[in-house]
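The values are calculated or read from the model by the stated rules, or taken from the named source; none is laboratory data. Only a predicted model underlies this, so the values are computations on that prediction, with no experimental measurement involved. Here the Cβ positions follow ideal geometry from the backbone for every residue, glycine too, while neighbour counts run over all protein chains shown.
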Ligand SMILES: Nc1nc2c(c(=O)[nH]1)N(C=O)[C@@H](CNc1ccc(C(=O)N[C@@H](CCC(=O)O)C(=O)O)cc1)CN2
Ligand SMILES: Nc1nc2c(ncn2[C@@H]2O[C@H](COP(=O)(O)OP(=O)(O)OP(=O)(O)O)[C@@H](O)[C@H]2O)c(=O)[nH]1
């Protein structure tokens, strides 16, 4: 079947040194032949694959730009189709004019992600690899880049395929034993199957465990700063940010809205929310802030509770400390530069035993390194190095793994209950299929379209 030839600007739609117009499909070369003029009248179609050529893009007699053209014949290309890339000057207008010309001569504009979708449909990469391409593009730190490159290389796919392989083996065994009971015995099979399932469950659980750390490393620790009005929450945020972002005043209750900031503490990213002081209030605007604070405390990975150590604890502190039970919290005894009225011991009496209490001075920027170290300890056991594990960072993959896990638990249950063997197959099959969705096997077109529609144009 003949597929359309697609084209798009693959570089940013902003003025830059060089821009790339990308063309893929059966007519990529013949279209380029009509608009690309090389010195001496040579034709791109006569050139070897993986070569670069100098010349001009013309629409009829009109010269549009002086360019370099890359030729990659399928299947040795990103999409596995014939691909031509025009390296032109990176002006928005000139790139658009070239794209228009390519379309005039027979290509159609590519949908977002359509080049990568073709790479997937043509079998060069699977779905999880295709998804990682977007993660590589959006990676904002070392971890995000490394984990997505690992996924692009097929590490997630391999892990999934291995588990699927084992499951399929069992399904096939059960089916053949049921078909041919005279020659294949199912005696004691339940116990053997149980071992295989245990191994698979183990590996899936490990992958799922990686997803929490993976999310935190990739996106940052969602952190909320709580504390009474005037405790120094905004000052702490400013100190961490190293700039005057939040409004700091001496009037209690200044922070009415919720501020969100991203900070990078030596490689650890905190997505910090500074909330209005939590306390009883009749002021409507403030009340909204307080309610939000309560909600954020519930959802955050980390809570920073700022206490003004130069004052005594009161019932408002009691109420806040109530919220902190069972949550990862660091207590910051602020204003340590002033005479203390509240000590670490006073606080420890009211919070979880393992909850760290650190003396700081937001104003004099003291104790911040101890605090950073504490976060490192809490979340990364002291180290923020990326080890060679496979990390699940995609929510779609995580959901599929969770579903596979419950199917496998059902198999374990059936074995324990002494159910007949054909019961095992149904749940094994479910696990097998849902794992397949991670790599794009038997997925609905709608899902594929949805995934690629989130890509950028030209990718
Ligand atoms: N100019 C340009 N730069 C680019 C890309 C591109 O398509 N064009 N890429 C993409 O967006 C990325 C590189 N990724 C690529 C992945 C596979 C193939 C490719 O042609 N693979 C074939 C043949 C390999 C070979 O020649 O042996 C294959 O795997 O079958 C090319 C680029 C980043 N830089
Ligand atoms: N001495 C001293 N004063 C501080 C310190 N940190 C903050 N302050 C002062 O305490 C006051 C309140 O600080 P903010 O940062 O506005 O307090 P907040 O908790 O954000 O207050 P609200 O916005 O009302 O919730 C300001 O006058 C700060 O300068 C500190 O470490 N030492």
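Taking the conditions (1) surrounded by 18 or more Cβ atoms within 10 Å (Cβ to Cβ); (2) assigned to a helix (DSSP H, G or I) in turn, residue 409 satisfies each one other than (1).
As an exercise: evaluate residue 363 against (1) within 32 Å of the chain's Cα centre (by Cα); (2) surrounded by 15 or more Cβ atoms within 10 Å (Cβ to Cβ) and give the number of the one condition it does not meet. With respect to (1) within 32 Å of the chain's Cα centre (by Cα); (2) surrounded by 15 or more Cβ atoms within 10 Å (Cβ to Cβ), residue 363 is out only on (1). Among the residues of segment 432-448, the ones that are surrounded by fewer than 17 Cβ atoms within 10 Å (Cβ to Cβ) and not in a helix (DSSP H, G or I) come to 4 in all. Report yes if some residue within segment 56-72 is at pLDDT 95 or above, within 11 Å of ligand 1 (Cβ to nearest atom), surrounded by 12 or more Cβ atoms within 10 Å (Cβ to Cβ) and not in a strand (DSSP E or B); otherwise report no. Checked against the condition, which is being at pLDDT 95 or above, within 11 Å of ligand 1 (Cβ to nearest atom), surrounded by 12 or more Cβ atoms within 10 Å (Cβ to Cβ) and not in a strand (DSSP E or B), segment 56-72 yields no hits at all. Take the residues of segment 83-141 that are in a loop (DSSP other than H, G, I, E, B) and under 20 Å from residue 30 (Cα atoms): which is nearest to the chain's Cα centre (by Cα)? Across segment 83-141, the extreme among qualifying residues is 110. Do we have any residue at all in segment 15-29 that's over 19 Å from residue 101 (Cβ atoms), in the same structural domain as residue 77 (by TED's automatic domain parsing) and touching a helix residue (DSSP H, G or I) at 6+ places or on another chain (Cβ under 8 Å)? The answer is yes; a qualifying residue exists. Apart from one condition, residue 344 fits all of (1) in contact with a helix residue (DSSP H, G or I) (Cβ under 7 Å, 6 or more places away or on another chain); (2) more than 17 Å from residue 274 (Cβ to Cβ); the exception is (1). Condition check for residue 154 on (1) closer than 24 Å to residue 409 by Cα; (2) at pLDDT 95 or above: one failure, at (1). Would you call residue 24 at pLDDT 95 or above and out of contact with any strand residue (DSSP E or B) (no Cβ under 8 Å at 6 or more places or on another chain)? It is false that residue 24 is at pLDDT 95 or above and out of contact with any strand residue (DSSP E or B) (no Cβ under 8 Å at 6 or more places or on another chain). Over 23 Å from the mean Cα position of the chain (by Cα), assigned to a loop (DSSP other than H, G, I, E, B) and outside the structural domain of residue 112 (by TED's automatic domain parsing), is that true of residue 429? No: the conditions fail for residue 429.
Comparison of 286, 322 shows that the only residue that is modelled with pLDDT under 80, over 15 Å from residue 231 (Cα atoms) and away from ligand 1 (no atom under 16 Å from the Cβ) is 286.
Scanning segment 204-257 for residues that are at pLDDT 60 or above, surrounded by fewer than 17 Cβ atoms within 10 Å (Cβ to Cβ) and in a loop (DSSP other than H, G, I, E, B) yields one hit, 242. Among the residues making up segment 75-120, those that are within 14 Å of ligand 1 (Cβ to nearest atom), without any contact (Cβ under 8 Å) to a residue 60 or more places away in the chain and crowded, with 17+ Cβ neighbours inside 10 Å are 77, 78, 79, 80, 82, 119.
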